[in-house]
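The values are calculated or read from the model by the stated rules, or taken from the named source; none is laboratory data. Just so it is clear, the structure is predicted and the values come from calculations on it, not from any experiment. All Cβ positions, even for glycine, are placed from backbone atoms using ideal geometry, and neighbour counts span all protein chains on display. Accessible surface areas use protein heavy atoms only, side chains included; no ligands, DNA or RNA. Shrake-Rupley method; radii C 1.70, N 1.55, O 1.52, S 1.80 Å.
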Amino acid sequence: YMHTEIPEGLKRLPGPKPLPIIGNVLEVYNNPHLSLTAMSERYGSVFQIQIGMRPVVVLSGSETVRQALIKQGEDFAGRPDLYSFKFINDGKSLAFSTDKAGVWRTRRKLAMSALRSFATLEGSTPEYSCALEEHVCKEGEYLVKQLTSVMDVSGSFDPFRHIVVSVANVICGMCFGRRYSHDDQELLGFVNLSDEFGQVVGSGNPADFIPILRYLPNRTMKRFMDINDRFNTFVQKIVSEHYESYDKDNIRDITDSLIDHCEDRKLDENANVQVSDEKIVGIVNDLFGAGFDTISTALSWAVVYLVAYPEIQERLHQELKEKVGMIHTPRLSDKTNLPLLEAFILEIFRHSSFLPFTIPHCTVKDTSLNGYFIPKDTCVFINQWQVNHDPELWKEPSSFNPDRFLSADGTELNKLEGEKVLVFGMGKRRCIGEAIGRNEVYLFLAILLQRLRFQEKPGHPLDMTPEYGLTMKHKRCQLKASLRPWGQEE
Ligand code: HEM
């Protein structure tokens, strides 16, 4: 690229000078969200680094990201062919594969419609407004019981270990029509080990860009492949069972509805985009994978922040006690009456920015941004962490302060301020689970806050330093929880 012709009127991208062979790896690889944010201060909101021999364009700044992903959305909607992506869902992932625009769009639409039918559409039971609400209420109540029983036995618990099973059960209910025990070893075998998955897939992993690193012994990479294998085996078994018991007059869950789509399509000779059955039913792997890792990471962070800021935890509990009471389980419809809880969640998203970069993008044709030339097939990182900590956009970005999202009297959520937070990406590749993600995080948290008080375990101080990855996790920790007086209306 250093030698490519720049079309007239366009500028060459700025950026740090790369070393031969390794490029800028040494400056980038340790906490890329921080190193690339520092570089954006020096080189601006569009700059280029080189990882190994491969150029990567890094975008920061709310306006620049919006320009690329929304106004020039088509140009930036591709995915790069990175080494680690080939192992996800056998290279057939909706989110990570290099599917061309037509195939990707067809699969994305199918995925969205499956989620609507089995998550957010009005449910059949009058008691719950939708399947998502039913699953989360039941799993949330179960999680409270689980945590209190672990407290009784062990005196403390690892929040991620338990939250991840509850969250996995919600998405299992929608995808596969079943739930698992909190001690199910097969499920625990990948959900409880998902840290390595994120570490390998996180933007800027040198092994994605420097081929020789793939041949060196590498524990994280081995574990990554192992987790993918366990995950695929787990899903494959359930999918086979679904094929065996499939009945077109009784579509039970997302897996059935995807199988049904394949059957339907065989009758439709006019279908214009050819997508294999495997790629259609394989959508369920993406939904399941994306549905447990992101939400359990968000909730586990939320619990850790509650412990770190006990006065905010008390205010949140008081809000629930006043607006929902201590008799019935909170519902989705209570959300608008709980502005502090909504503000707290937005501040968790912003402050932790636990998805520091979106999944990497790729240009699908020669293009330009802010006057800089960007050739076709360039890998593009979107620095969400930078947008969420940009001093141009936020007052005291490094302090944790949910009140920044509330009106001065604290009674109303400031929606415009909330829309500045960037965690679901934007534009054509925007997360398709956003509504589910926001509602699920809210409802689980409301249930936990209503019934439990979380505290530090004496002698085990919290370490809130995130571990870098696609989703950044806090270090595993031990916490305490006690039941709030229950069933007493004040
Ligand atoms: C993509 C965030 C929950 C399904 C993404 C992306 C982000 C994201 C940042 C990448 C956007 C880009 O590449 O520009 C989150 C967060 C969640 C969440 C923060 C929860 C708090 C979910 C859930 C599901 C889901 C619950 C499904 C049940 C997907 C899928 C994609 C995606 C399928 C790939 C879209 C594509 O490549 O076209 N998400 N997500 N996500 N998400 Fe989510």
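The table below lists the values:
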item	result
Distance between modelled label sites at LEU26 and SER181, nm, 7 Å Cα→Cβ extension	5.4
Cα centre as origin, Lys/Arg/Asp/Glu Cβ charges: the stretch 440-490 dipole, Debye	240
Simple spin-label estimate for THR465 and LYS86 in nanometres, 7 Å along Cα-Cβ	3.5
Rounded, prolate or oblate (a/c below 1.5 giving rounded, otherwise prolate when a/b exceeds b/c) for the stretch 286-443 by Cα gyration tensor	prolate
Amide H within-cut-off set for LEU406, under 5 Å, with H built and near neighbours excluded	ASN414
Kyte-Doolittle mean at least 1.0, axial Cα span of 30 Å or more - DSSP H helices of the chain	283-308
In sequence order, calculated HN-Hα J values of the stretch 369-378 (Karplus, 6.51, -1.76, 1.60; Hz; x Gly/Pro)	9, 6, x, 9, 7, 10, x, 4, 6, 8
Placed amide H near LEU369: partners under 5 Å, 5+ positions off or other chain	ILE374
Within the stretch 176-311: Cβ-based charge dipole about Cα centre, in debye rounded to nearest 20 (Lys, Arg +1; Asp, Glu -1)	600
Whole-number Å³ per residue for the convex hull built on Cα positions in the stretch 1-104	143
Accessible area per residue, Å², the chain with all protein chains present, probe 1.4 Å	44
Gain upon complete extension [ARG116, CYS262; 0.36 nm per residue less C-alpha separation]	50.7 nm
MET53, MET174, MET151, MET112, ranked by accessible area, largest first (probe 1.4 Å)	MET53, MET112, MET151, MET174
Separation between Cα centres of the stretch 439-490 and the stretch 112-190, rounded to whole Å	16
Heavy-atom SASA rank of TYR305, TYR215 (probe 1.4 Å, accessible area, largest first)	TYR215, TYR305
Full-stretch length increase - HIS328, TYR142 - with 0.36 nm per residue and alpha-carbon distance subtracted	65.5 nm
Distance histogram in 10 Å bins (all Cα pairs of the chain, percent per bin)	4, 19, 29, 27, 16, 5, 1, 0
LYS109-LYS457 FRET efficiency (beta carbon distance; Förster radius 51 Å; 0.05 resolution)	0.60
Relative contact order of the chain, pairs being alpha-carbon contacts under 8 Å that are 6 or more residues apart, as %	24
Rg followed by Dmax, in Å, when the stretch 77-216 is reduced to its Cα trace	19.0, 58
Tail weight of P(r) past 14 Å, computed on alpha-carbon pairs of the stretch 409-490, percent	80
Calculated from backbone phi, Karplus (6.51, -1.76, 1.60) coupling profile of the stretch 393-401 in Hz, x at Gly/Pro	10, 10, 7, 6, x, 7, 8, 8, 8
Magnitude of the charge dipole, the chain, Cβ model with Lys/Arg +1 and Asp/Glu -1, debye to 20	1140
For LYS473, residues with placed amide H under 5 Å, excluding near neighbours	GLU467
Accessible area of the chain belonging to carbon and sulfur atoms, whole % at 1.4 Å probe	52
Separation of alpha-carbon centers, the stretch 379-403 and the stretch 324-359, rounded to whole Å	18
Computed over the stretch 29-151: relative contact order in percent, which uses C-alpha pairs under 8 Å that are six or more apart	9
Residue (of LEU406, ASN370, ILE436) at the positive-pole extreme of the stretch 348-459, dipole from beta-carbon charges	ILE436
C-alpha center-to-center spacing [the stretch 51-99, the stretch 205-256] in angstrom	21
Directionally averaged shadow of the stretch 150-299, computed from the convex hull of its alpha-carbon atoms, nm²	12.4
